[in-house]
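So the structure is just underneath, and the comments pick up after that.
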Amino acid sequence: MKWVVALAVAASLLAGAAHAQPKKMERSVEKQREAVEAWTACIADENAQEVAATLMQDYREDGYKSAIQQLAQKRVSSECFEAMPRAYRQIRLTGLPFAGGLAERMIERDEAPLITRLSMAAIGPEAPTYSYTDQVASCMTRGAPHLVARLFGTEINSEAELASLKELAAVKDVCTSRGAPVEASPLAMRAMLATASFRLLAAQKAQTDA
């Protein structure tokens, strides 16, 4: 049996917080993050090729917006569905948390140590970027791959996650020194870094396969 989780994805990837919910749907941000983590893991594990192809697209284009919406409506196995927190199987989020969750799960699927992969990628070909915040996230990933890898090794909503983000704040300041500052929630920053890291790692693989 297959199940569908209702996930509304906005077209823009710039916002990083959950949309306001109707009163009966109100849940904590922490619980929403747990639900997104479970949901995106299901989608990425069961649709890996489609997810990878979507994450490599320019998210400003209509093709990407259509593809990400289709992923949000994917049916998943009952086993994956039932692993999600029961009270959080219906959530409304912007596109960035959803894309970030997919990207982080795709990164996790490679068993090689992430710190090694990101460190090698940092000196390899650059990946395309599609906005100022995307450029900042790419700069942070290439400039401090060990710190980004450490972040992805932390649990969401944990003290370790906050400590990693605090370490990365100095890197972000360097990457925005010639432009506007970037303020983002832990959810948004982790998602930005995940999508940038996924494309950076994919760029290295593309060069190897060429």
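Look through Met120, Met106 and report the one residue that is assigned to a helix (DSSP H, G or I), in contact (Cβ under 8 Å) with a residue 40 or more places away in the chain, within 16 Å of Leu55 (Cα to Cα) and open to solvent by 20 Å² or more (accessible area, probe 1.4 Å).
Exactly one residue qualifies, and that residue is Met106.
Can you pull out the residues in the stretch 168-210 that are surrounded by fewer than 15 Cβ atoms within 10 Å (Cβ to Cβ) and either among the acidic types (Asp, Glu) or under 29 Å from Gln49 (Cα atoms) (or both)?
Asp173, Glu183, Lys205, Ala206, Gln207, Thr208, Asp209, Ala210
Let me spell it out: the conditions are (1) part of a helix (DSSP H, G or I); (2) touching a residue at least 24 places away in the same chain (Cβ under 8 Å); (3) open to solvent by 20 Å² or more (accessible area, probe 1.4 Å), and Glu126 meets all of them except one. Which number is the exception?
(1)
Return the residues of the stretch 129-146 that are in a helix (DSSP H, G or I) and either modelled with pLDDT under 95 or open to solvent by less than 20 Å² (accessible area, probe 1.4 Å) (or both); say none if nothing qualifies.
Hits for the stretch 129-146 are Asp134, Val136, Ala137, Ser138, Met140, Thr141, Pro145.
What number of residues within the stretch 25-66 satisfy the criterion of being among the aliphatic types (A, V, I, L, M), over 18 Å from Ala202 (Cβ atoms) and open to solvent by 50 Å² or more (accessible area, probe 1.4 Å)?
1
For the stretch 129-162, give me each residue that is in contact (Cβ under 8 Å) with a residue 24 or more places away in the chain and small (Gly, Ala, Ser).
Ser131, Ala137, Ser138, Gly143, Ala144, Ala149, Gly153
Look at the stretch 151-167 and say how many of its residues are closer than 25 Å to Tyr132 by Cβ and open to solvent by 70 Å² or more (accessible area, probe 1.4 Å).
3
The values are calculated or read from the model by the stated rules, or taken from the named source; none is laboratory data. On a predicted model such as this, the values are computed, not experimentally measured, just so you know. So basically every Cβ, Gly included, is an ideal-geometry build from the backbone, and we count neighbours across all protein chains shown. Note: areas computed on protein heavy atoms with side chains; ligands, DNA, RNA excluded. Shrake-Rupley method; radii C 1.70, N 1.55, O 1.52, S 1.80 Å.
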